[in-house]
Amino acid sequence: MTTIIDIQHLSKSFGTHEVLKDINFSVKKGEVVCIIGSSGSGKSTLLRCVNLLEQPSGGAIIYHNENILDNNHDINAYRTKLGMVFQQFNLFNNHNVLNNCVVGQVKVLKRSKEEAEKIAKKYLKVVGMDQYVNAKPKQLSGGQKQRVAIARALSMEPDVMLFDEPTSALDPEMVDEVLKVMKQLAESGLTMLIVTHEMGFAKEVSDWVVFMDQGVIAEEGTPEQIFNNPTGERTRTFLKRTLKTN
Amino acid sequence: MSFEWVVIIIQENWPMFLRGAGMTLLISLVGTIIGTIIGLLIGVIRTIPIPEHGAKKGMLKVLNAILSIYIEFFRGTPMIVQAMVIYYGSALAFGMDMDRIAAAIFIVSINTGAYMAEIVRGGIVSIDKGQFEAAHAIGMNHFQTMMNVVLPQTFRNILPATGNQFVINIKDTSVLNVISVSELFFQTKSIAGNNFRYFESFFVASILYLIMTFTVTRILRFVEKRMDGPDNYDLIKIGTNSRGEKI
C-alpha cells in the first residue's frame, strides 16, 4: 500500500508549552487510522497540524514525496486534497446545504456550477441529506449538520478525510447517524484519519490505532493489539477508564 | 408662529426644498455606499494574517500603518473642518476648483469609510473562527474566504450599523453648506434669507429631514428581514415528480 501522508518528527509548541513532541506516523491509501487518547493529549492539535490549521513548530509532513512545511509550498492546493470534518460542524452559515458543498468546488477547484452541483448531490445522497439541499444550516439538527459537513468535504474529492472528534458535540441519539455514515465511508475504501472518543467505533472500523498521551504517541498498532492486548501501562489505564464510563 | 406662513413658504419654495432634499439624499446615499465599500476593503486588508517573515510582512505593516492614520485622522476631526480643509486645500495645492458636489461626496465617503472600517473590523472579528477554518480547510485563500464566506455574513451583521451611519450622513451633510453645496440646509438658508421667516423655513426643513431619516430606517429594516430569508424550507421528494407519482 502506498503511503499518502508521512509525518516525521512533528512538534508543536504554544509559546513555551510543548503540545506535540516528536510525532512519527503515516497514513496509507485506503486505510482508516484512529487517534485516541484523553483530552489534552494533543490528538486534535496533531490532526490540525496535518492540514496546517495549526503551524507545526518542527518536523516534516511528506505528501507525494514533498515536504508540505517547506517555505514555498502551495498550502491551499494541499488542503484541497484533505477533507476536514470539525467537531463544531462549521457549515457556512450564509449558504444553503447545496451551496455549502458547491462553493469550494467552484471557487477553489474551478469546476463548473453544473458539474459541482452534480457532485454535491451525489455526496449529499451518500450521507442521506439529498432531500435538504434548500435548507439553511441553522434549520438543521446537529447530526444533519455534521452529515452535510462530511458531504462538503467529500465533494472536494480529497485523498484523505480528516475527522476531528466528529461526534463529540452531538446528542447521543445523533451520534449513531453520523457514525453509520462514517462506517459506510470506511467500507467504501476511503482513506480516513479520525480523532475520536468512540472506542467501539474505533475498534470496529480502524485498520490502525494510535494512542496519544501527553503530546507523544504512547502506543500504536492494530485494533486487536491496542484494545485487547495493550502493552503500555498508560494505554491500559486509559482504556480501563474510558471503557468503564462507556 | 403662523401656520399660514409655513403653507406659503412651502407653496412658494417647494421646488427648492425638494432639490435640496434630493441633493442631501444623493450625497448621503452615494457617500454611505462608497464609505461602506471603503470600510469593507480596509476590513479585508487589516485581517490578512501577517506572515512571520518576508517582504509581504513589511508591506502589510506599512499598509496597516497608513490605514490607521487615515482612520484616526477622519474619526478625530469634525467633518465641517475636513470639508474646509479638503475643498480649499485642493484649490490651494492643485490650483483646481473642485466640483462642489463631487467634493461633498468625496468628503462624506472618506469620512464614512473611516467609521465603517472599524464597524467592519468588529463585524469580521465577531464571525465564528470555525467559519474561517472551514473555508481554509477546503483550500480557500484569504480573499476567497472573505468574499464567499465571511463578508456576506459580516455584511448582514453590520447592516444596522450601516443604516445608522446613513441616517447620520443625511443629517450631517448639512455641514457641507460651508462649501456652498446646495443641499437641504443650504437651500433653506437661502429661502429664509429671502423671506426673513427663519423659524418657519427651518421648521419645514426639519420635517423634510425627519421624513428622509424615518423612511431610510424603515427601508433598511425591510432589507434586513429579506436578507434573513424565509424560516421554512421544502424537502425535495426523491424519486417522485411534483404530483407524487413515481418517476
- [ ] Over all directions, average the projected area of the Cα convex hull of the stretch A:1-107 and note it in nm².
- [x] 8.5
Task: Cα centroid separation, the stretch A:157-207 to the stretch A:1-57 (Å) - done: 17
- [ ] Let me have the relative contact order for the stretch B:104-247, percent, based on Cα pairs under 8 Å that are six or more residues apart.
- [x] 20
TODO: Between B:Phe196 and B:Phe222, take the C-beta separation as r, use R0 = 45 Å, and let me know the FRET efficiency to the nearest 0.05.
DONE: 0.60
TODO: Normalise the Debye intensity by I(0) for chain A, one equal point scatterer per Cα, no solvent, then take log10 at q = 0.07, 0.08, 0.14, 0.17 Å⁻¹ and round to two decimals.
DONE: -0.23, -0.30, -0.94, -1.33
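In nm², what is the average projected area of the convex hull enclosing the Cα atoms of the protein assembly as shown?
Projected over every direction and averaged, the Cα hull of the protein assembly as shown covers 33.2 nm².
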Open item on the list: Let me check against my output: what whole-number percent is the relative contact order of chain B, with C-alpha pairs under 8 Å and at least 6 apart?
Closed with: 31
- [ ] Relative to the longest principal axis of the C-alpha atoms of chain A, give the angle of the C-alpha long axis of helix A:113-126, reported between 0 and 90° and rounded to the nearest 10°.
- [x] 50
TODO: Evaluate the relative contact order of chain A (contact order divided by residue number), counting alpha-carbon pairs under 8 angstrom at least 6 apart; express in whole percent.
DONE: 26
Task: Top positive-direction residue, dipole computed over the stretch B:25-184 with Cβ charges, set B:Met79, B:Leu25, B:Pro51 - done: B:Pro51
Open item on the list: Per-residue Cβ counts within 10 Å, from other chains only, averaged over B:123-135: what number is that?
Closed with: 4
Task: Euclidean distance of C-alpha centroids, the stretch B:124-178 and the stretch A:59-78, integer Å - done: 33
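Helix by helix through chain B, keep the DSSP H runs that span 15 Å or more along the axis on Cα and average at least 1.0 on Kyte-Doolittle, and give those back in order.
Helices passing the filter in chain B: B:3-46, B:79-94, B:100-125.
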Task: Residue pairs, from the table A:Lys81/B:Lys57; A:Lys107/B:Lys57; A:Lys12/B:Lys129; A:Lys121/B:Lys225, whose Cα atoms sit over 23 Å apart - done: A:Lys81/B:Lys57; A:Lys107/B:Lys57; A:Lys121/B:Lys225
Task: Longest site-free stretch - chain B; sites: trypsin sites (Lys or Arg not before Pro), DSSP loop, at most 16 other Cβ within 10 Å - done: B:1-236
- [ ] Give me the angle, in degrees from 0 to 90, between the Cα long axis of helix A:233-245 and the longest principal axis of the Cα atoms of chain A, rounded to the nearest 10.
- [x] 50
Task: Value of Rg to Rh for chain B (Rh from inverse mean 1/r over Cα pairs, i.e. Kirkwood) - done: 1.12
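Coordinate-derived values only; no laboratory data. Every value quoted in this text rests on a predicted model; they were computed, and no experiment measured them. Because the Cβ atoms are built from the backbone with ideal geometry, glycine has one as well, and the counts that use them run over all protein chains shown.
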